[in-house]
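The values are calculated or read from the model by the stated rules, or taken from the named source; none is laboratory data. Note that the coordinates shown come from a computational prediction; the quantities given were computed from them, not determined experimentally. Note: ideal-geometry Cβ built from the backbone for every residue, glycine included; neighbour counts use all protein chains shown. Areas reflect the complete protein model, heavy atoms only, side chains present, ligands, DNA and RNA absent. Shrake-Rupley method; radii C 1.70, N 1.55, O 1.52, S 1.80 Å.
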Amino acid sequence: MSVPAMSVHRAMADPFAWDEALLRRYDTSGPRYASYPTALSFRDDFSAQDYQAALARSNGGGKSLSLYIHIPFCRQPCSYCACNTIMTQDTRLAEPYISRLDREMVLVKPYLDTRREVAQLHWGGGTPTFFSLDQMSDLIDRLDARFGLSGARDRDYAIEIDPREADVFTLRHLQALGFNRLSLGVQDLDPKVQSAVNRIQPRILTEVLIDEADRLGFRSLNLDLIYGLPFQTRDSFADTLKQVIAMAPARLSIFNYAHLPNRFRPQQHIREEDLPGAEEKLAILRTTIAMLTEAGYIHIGMDHFARPNDSLALAQQQNTLQRNFQGYSSHAECDLVGLGVSAISRIDDVYAQNPISLDAYESALDASRLPTARGIRLTFDDQVRRYAIERLMCDMALDLDRLGEVFAIDAPRYLANALARLEQPERDGLITRQGNHLVATPMGRLLIRHLAMAFDDRLPRHKGPHYSRIL
């Protein structure tokens with residue numbers, strides 16, 4: 001069913017002036033800034049000993065811990081996928097993987113003060129619901145034994161769910177294990193689009209889980225959508241949005257599909273001629289922002305929307321929002337420990353990444369070595385620029401005076417090169433500057449990645465096909 005023309009027209013009433021020519025001019029390729037420096041700057045000579053030292057240093061700060069568990073298994077490939085996944089129907093692979101995860105915990109634990117609260121837990125993938133209920137229980141028990149999981153009401157324990165591989169019993173079990181946030185992969189509700197990306201997912205599967213999550217009292221529920229997929233149009237995606245808004249999730253993540261078939265093999269099954277053109281893709285984005293704004297959602301930034309009373313929106317109001325490898329987070333003051341193949345940790349002044357190859361990950365652990373494949377220790381300059389980029393990405397603003405206080409520097413002088421790069425965007429109405437306070441305009445919020453690139457002194461080495469387009 002398509003949305004009637006009149007209702008689409010009303011939804012297209014812009015919450016701000018829309019300048020398509022300006023968006024096209026600034027729609028370049030650039031990082032998503034899940035980290036700064038980005039993963040392309042990680043070094044192969046960063047060792048497990050470097051990571052161990054960072055873990056030990058982090059105890060002095062006394063920050064709470066955030067644990068990310070990467071579960072790479074999927075039963076079938078989605079054609080848009082750009083994640084580190086392993087396609088298999090063999091659930092027996094889960095048992096040795098859980099054992100390896102436990103071995104990694106054992107190797108990490110001696111360097112961490114495990115009295116630190118695990119305030120945040122996130123299982124991602126892949127498909128975490130590839131695990132059986134008993135295997136999920138086993139992994140939670142091991143995490144609790146090694147780190148001590150939290151029972152605090154304000155903990156943030158989330159898991160990504162494929163509605164095709166979960167039911168009401170799954171949700172009840174997850175609640176019993178301590179999870180209080182859910183993220184459901186939807187992508188699109190149009191059967192033609194679903195068929196084109198090899199993800200047939202009837203709406204009823206999602207609705208049943210949403211209803212049960214609400215009944216069980218899960219604190220927050222997120223739905224993932226993707227725009228720019230084959231056969232999508234502004235009208236077809238408006239129809240998906242209309243149905244999703246009726247489901248009333250607390251959060252929405254609406255990702256921009258980046259077609260990079262040379263990097264991600266599953267995408268080779270998508271024909272470029274089936275993708276919406278640049279004009280149609282911008283129209284889809286415009287429709288999305290208008291409809292969600294009219295429905296009462298706040299555009300947090302980039303691809304995230306939330307209800308005004310959701311913790312993401314509240315954290316943004318309080319300038320405590322953080323950006324990490326799982327997106328935006330309301331738990332700003334946590335050290336992130338990543339466990340599993342390809343997982344990335346953010347500890348103290350260090351990023352450390354595990355091997356992206358399952359064989360290499362397993363081999364390191366079988367030899368009783370932390371599976372650190374690469375990483376980076378930030379310089380003082382990296383830390384200054386990370387702070388600037390993260391605050392701009394999270395607050396849609398940057399207080400240079402506050403930055404100067406944090407790092408004991410004359411921030412406008414220190415970042416003079418970045419401020420010079422922002423002069424043209426300021427003239428174009430993407431950002432305003434009042435004294436030492438920078439604020440992204442509504443159009444600038446859509447192009448926040450481009451504004452953040454002004455502070456990136458490592459970017460010139462990596463321009464090219466490594467990054468997706470901003471819009």
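The set of residues from the stretch 37-94 being open to solvent by 20 Å² or more (accessible area, probe 1.4 Å), part of a strand (DSSP E or B) and of a type in the set (A, V, I, L, M, F, W, C) comprises 86, 87.
Among the numbered conditions (1) farther than 30 Å from residue 442 by Cα; (2) touching a Phe, Trp or Tyr at 6+ places or on another chain (Cβ under 7 Å); (3) at pLDDT 90 or above, the only one that residue 46 does not meet is (2). Scanning the stretch 212-240 for residues that are assigned to a helix (DSSP H, G or I) and either of a type in the set (S, T, N, Q) or open to solvent by 10 Å² or more (accessible area, probe 1.4 Å) (or both) yields 212, 214, 215, 216, 234, 235, 236, 239, 240.
Could you check the stretch 202-211 and list, in sequence order, the residues that are open to solvent by less than 20 Å² (accessible area, probe 1.4 Å) and either in contact with a Gly (Cβ under 8 Å, 6 or more places away or on another chain) or of a type in the set (A, V, I, L, M, F, W, C) (or both)? Full working, then the answer.
First, pick out the residues of the stretch 202-211 that are open to solvent by less than 20 Å² (accessible area, probe 1.4 Å): 206, 209-210.
Answer for the stretch 202-211, where residues must be open to solvent by less than 20 Å² (accessible area, probe 1.4 Å) and either in contact with a Gly (Cβ under 8 Å, 6 or more places away or on another chain) or of a type in the set (A, V, I, L, M, F, W, C) (or both): 209, 210.
Select from the stretch 110-148 the residues that are in contact (Cβ under 8 Å) with a residue 60 or more places away in the chain and in a helix (DSSP H, G or I) and write down the one among them that is nearest to residue 165 (Cα to Cα). The extreme case among them is 139.
Of the helices (runs of 4 or more DSSP H) lying entirely inside the stretch 305-418, those carrying at least 2 residues that are of a type outside the set (Ser, Thr, Tyr), on the phi < 0 side of the Ramachandran plot and open to solvent by less than 10 Å² (accessible area, probe 1.4 Å) are 311-317, 358-366, 380-395, 400-407. Against the list (1) modelled with pLDDT under 90; (2) under 29 Å from residue 263 (Cβ atoms); (3) open to solvent by 10 Å² or more (accessible area, probe 1.4 Å), the condition residue 30 fails is (3). Figure legend. Inter-residue proximity from the stretch 443-460: first residues part of a loop (DSSP other than H, G, I, E, B), second residues not aliphatic (A, V, I, L, M), beta-carbon distance below 6 Å, spacing 6+ or different chains. Indicated pairs: 447/26; 454/421; 455/385; 458/37; 458/41.
Which of the residues that make up the stretch 371-402 are of a type outside the set (Gly, Ala, Ser) and in contact with a Phe, Trp or Tyr (Cβ under 6 Å, 6 or more places away or on another chain)?
Within the stretch 371-402, the subset of a type outside the set (Gly, Ala, Ser) is 371-372, 374, 376-387, 389-396, 398-402.
Matches in the stretch 371-402: 371, 372, 374, 376, 384, 385, 386, 389, 393.
Of the residues 268, 243, which is modelled with pLDDT under 95, surrounded by fewer than 21 Cβ atoms within 10 Å (Cβ to Cβ), in a helix (DSSP H, G or I) and at negative phi? Steps first, please.
Values: 243 fails: modelled with pLDDT under 95.
When all the criteria are applied, what remains is 268.
Being of a type in the set (Lys, Arg) and farther than 16 Å from residue 75 by Cα is the filter here; which residues of the stretch 155-204 pass it?
Step one: of the stretch 155-204, the residues of a type in the set (Lys, Arg) are 155, 164, 172, 181, 192, 199, 203.
Those that are of a type in the set (Lys, Arg) and farther than 16 Å from residue 75 by Cα: 155, 172, 181, 192, 203.
Restricting attention to the stretch 249-265, the residues that are among the aromatic types (Phe, Trp, Tyr) and open to solvent by less than 40 Å² (accessible area, probe 1.4 Å) add up to 1.
For every residue, the table says whether it meets (1) within 23 Å of residue 441 (Cβ to Cβ); (2) of a type in the set (A, V, I, L, M, F, W, C).
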residue	(1), (2)
300	yes, yes
306	yes, yes
312	yes, yes
315	yes, yes
324	no, no
329	no, no
340	no, no
346	no, no
352	no, yes
